[in-house]
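To start, the structure itself, in structure tokens.
The values are calculated or read from the model by the stated rules, or taken from the named source; none is laboratory data. Please read all numbers here as calculations on a predicted model, not as lab measurements. Because the Cβ atoms are built from the backbone with ideal geometry, glycine has one as well, and the counts that use them run over all protein chains shown. Note: accessible area is taken over every heavy atom of the protein model, side chains too, but ligands, DNA and RNA are not part of it. Shrake-Rupley method; radii C 1.70, N 1.55, O 1.52, S 1.80 Å.
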Amino acid sequence: MKPLIEVKNLVTRFDLKAGLFGRVYGRVHAVENVSFDIYPGETLALVGESGCGKSTIARSIMHLDKTSSGSIKFNGKETLGVSSRNLRTFQRNVQMVFQDPFSSLNPRMTVGKAIADPMIVNKIIPKDAIPQRVQELLERVDMEKDHMNRYPHAFSGGQRQRICIARVLGLDPKLIIADEAVASLDVTIQAKVINLLMDLQAELGISLLFISHDVAVVERIAHRVAVMYLGEIVEIGDRQSIFRNPRHSYTKKLFGSVPVPDPRLRKKDSMLIADEIPSAMRAPNFIPIQLPMQQVSDTHFVREETPV
Amino acid sequence: MDKNKIVEVENLHVSFSLSDNVTVDAVKGVSFHIDQGETLALVGESGSGKSVTAMTIMRLPEHDGARINEGAIHLRLRSGEIVDIVKLPISRMNDIRGADVSIVFQDPMASLNPVFTVGHQIAEAIIIHQGKSPKQAEEIAFNTLQLVRVPDAERRMKQYPHQLSGGMRQRVVIAMALSCRPVLLIADEPSTALDVTIQAQILNLIRALQKEIVMSVLFITHDMGVVAEIADRVCVMQKGRFVETGSVYDIFENPQHPYTRALISAVPKLGSMTDKDKPEKFPILEFEED
Ligand SMILES: Nc1ncnc2c1ncn2[C@@H]1O[C@H](COP(=O)(O)OP(=O)(O)OP(=O)(O)O)[C@@H](O)[C@H]1O
Ligand SMILES: Nc1ncnc2c1ncn2[C@@H]1O[C@H](COP(=O)(O)OP(=O)(O)OP(=O)(O)O)[C@@H](O)[C@H]1O
Ligand SMILES: [Mg+2]
Ligand SMILES: [Mg+2]
């Protein structure tokens, strides 16, 4: 089987500009030389510190952030540098649920129209079948069919998230990029929505790039896991070996700090830390050095670390 | 109002009328109180009315067309005065918000202005509400950003909101709220985009500030790990009503309502999948619908 999407040596940097003439005084190295594949029917989870570049990878795949270099292939074909006219299939087949459910819905469009319009534009199903389909999609994300006629502002945070998911599902995409897409749902509804995604994956072979801070959810649904730190993938592998045998110090720290839902185990008087935090902001002439990856097993790789 | 209490909400009813003759009863008779220095967690189903309940304490849903149909909200101000929020002219809310009550909205962009740098915005809040000089305000802003673990705080102050990651924006908004040293902090899902290490620091920071200035906290979250870590008491909400209220120990160890039980037992636990080859769906727990 061939990968659905192949990301190779992806670099995305943001220039920091000052003054009238836009002098570049620094650069955010948001994504540094990142490579991974996702196969049909596979879920790759992307985890890592807040600000490490997860959304930027997602936005780069969607052509929403300008990449500095690298390659993003879909079904074996390069997508970077290709005019958007020649990217229609790619754009229909790759859909993203954005991290911010508040700004990703047009406030002047009813929810029904927000879900229906992309289906109409992309001629997914006959026009007269659309109202029925919209209803069905809303019901599948645990919303009611009469929600169709309301505007986005009349919904709670989690309801908006589910509307965004319904909209994406309506397009029958091959790859869904879910950026913290279930983060504002309570566990009972979260379970239903994730199960829905897993059912669709089993039925239709959808691939998922699942970005999440919830390590326990990732352990449940991912086939493979990539751990990011400061713009780089520091560890990648199949779910079982990553969770059983985490190698990188950041991965260990991440798994070690997951809070236990038990008030009796509450940490007493933890210390406030105010040390310098590693940052991806660099001087304009900074040249990153990337340490190589070590192979742990056939399916598990970890980046070397500078000894402290 | 009892002298330990900072806020007491009685039988609150809030509804929205939508244009097509439909009313949404978002909050249907909710009562609770928060003691001074206490942290109350509000948990519950998505769409159950948590945000509307919390924001009504500052009369915000009315700007969105909501009506308070019934109820009272007694709030003890910093000055010692006790007011019934529901009876105040809405124009007084601006003074109370910021001076006595800080809010961290579920949507961080709701409190960030896209055309000003984040440093400017935090400093401005401090100047207005605490009467500090611009120079002092900038220093407080910088220190608070460091405490909420924003890397490179000095340079980040000069950036605009859209240049930050989702979690950084959340941290900026938390910094803004905490730097006003409120009597009551209302935090609506403030940590959905934060990884566990940063989240732990922010919970510590809130606790530290609580000790220092006797701050009460209303914390909305769906993350039961966070509830276990920070709450004194917990209210569980479903379809506009409180279905259960109790100490954090009662809720975790002896949940009574079927929804609360489902909520506690459905929390995904790390390590539950170590000997499974393949991903697995979540078990769906049935609980009675009211
Ligand atoms: N448009 C932009 N201009 C400048 N810097 C940006 C821009 N978008 C992102 N960045 C920077 O790139 C880095 C990575 O951000 P990104 O949003 O990808 O992080 P993330 O891993 O998704 O974090 P979070 O978990 O907090 O959402 C951050 O330092 C951020 O400030
Ligand atoms: N401006 C509005 N107009 C009409 N209805 C609204 C409005 N805001 C909220 N609602 C409705 O009120 C109910 C409660 O919403 P609220 O935002 O309080 O939910 P929540 O418990 O915070 O959910 P979540 O966890 O998803 O954020 C929902 O059914 C929602 O659809
Ligand atoms: Mg992000
Ligand atoms: Mg809410």
**Fill in**
Here the qualifying pairs (Cβ atoms under 6 Å; residues six or more apart or on different chains; first in segment B:213-235 and free of Cβ contacts under 8 Å to residues at least 40 places away in the same chain and among the charged types (D, E, K, R); second more than 16 Å from ligand 2 (Cβ to nearest atom) and outside any helix (DSSP H, G or I)) come out as B:GLU229/A:PRO259; B:GLU229/A:ARG266
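Going through segment B:166-179 one residue at a time, which ones are polar (S, T, N, Q) and either without any contact (Cβ under 8 Å) to a residue 40 or more places away in the chain or in a helix (DSSP H, G or I) (or both)?
The answer is B:GLN170, and nothing else.
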**Message:** Condition first: open to solvent by 10 Å² or more (accessible area, probe 1.4 Å) and at the interface with another protein chain (Cβ under 7 Å from one of its Cβ atoms). Can you find one or more residues in segment A:162-174 that meet it?
**Reply:** no
**Request:** Could you pull out every one of the strands (runs of 3 or more DSSP E) wholly within segment B:65-108 that has 3 or more residues that are under 21 Å from the mean Cα position of the chain (by Cα) and under 21 Å from B:ASN11 (Cα atoms)?
**Result:** B:66-76
**Request:** Report whether or not B:MET176 is open to solvent by 20 Å² or more (accessible area, probe 1.4 Å), among the aliphatic types (A, V, I, L, M) and modelled with pLDDT of 90 or more.
**Result:** yes
**Residues located in segment A:231-250, provided they are within 12 Å of another protein chain (Cβ to nearest Cβ) and in a helix (DSSP H, G or I)** = A:ARG239, A:GLN240, A:SER241, A:ILE242, A:PHE243, A:ARG244, A:TYR250
**Message:** Checking the condition small (Gly, Ala, Ser), part of a helix (DSSP H, G or I), over 30 Å from A:PRO278 (Cα atoms) and open to solvent by 20 Å² or more (accessible area, probe 1.4 Å), which residue from A:ALA129, A:ALA114 passes?
**Reply:** A:ALA129
**Prompt:** Taking segment B:40-60 as the search range and keeping residues that are more than 13 Å from every other protein chain (Cβ to nearest Cβ) and open to solvent by less than 10 Å² (accessible area, probe 1.4 Å), which one is nearest to ligand 2 (Cβ to nearest atom)?
**Reply:** B:THR56
**Residue list for segment A:256-291, filter: within 7 Å of chain B (Cβ to nearest Cβ) and either within 13 Å of A:LEU230 (Cβ to Cβ) or at pLDDT 90 or above (or both)** = A:ASP262, A:PRO263, A:ILE277, A:PRO278, A:SER279, A:MET281
**Message:** Take residues that are under 18 Å from the mean Cα position of the chain (by Cα) and surrounded by fewer than 23 Cβ atoms within 10 Å (Cβ to Cβ) and tell me which of the helices (runs of 4 or more DSSP H) falling wholly in segment B:180-270 contain 3 or more.
**Reply:** B:196-213
**Prompt:** If you scan segment A:4-35, which residues turn out to be under 18 Å from A:LEU46 (Cα atoms), out of contact with any Gly (no Cβ under 7 Å at 6 or more places or on another chain) and of a type in the set (D, E, K, R)?
**Reply:** A:GLU6
**Prompt:** If only one of B:GLY80, B:GLY65 is within 14 Å of chain A (Cβ to nearest Cβ) and modelled with pLDDT under 95, which one is it?
**Reply:** B:GLY65
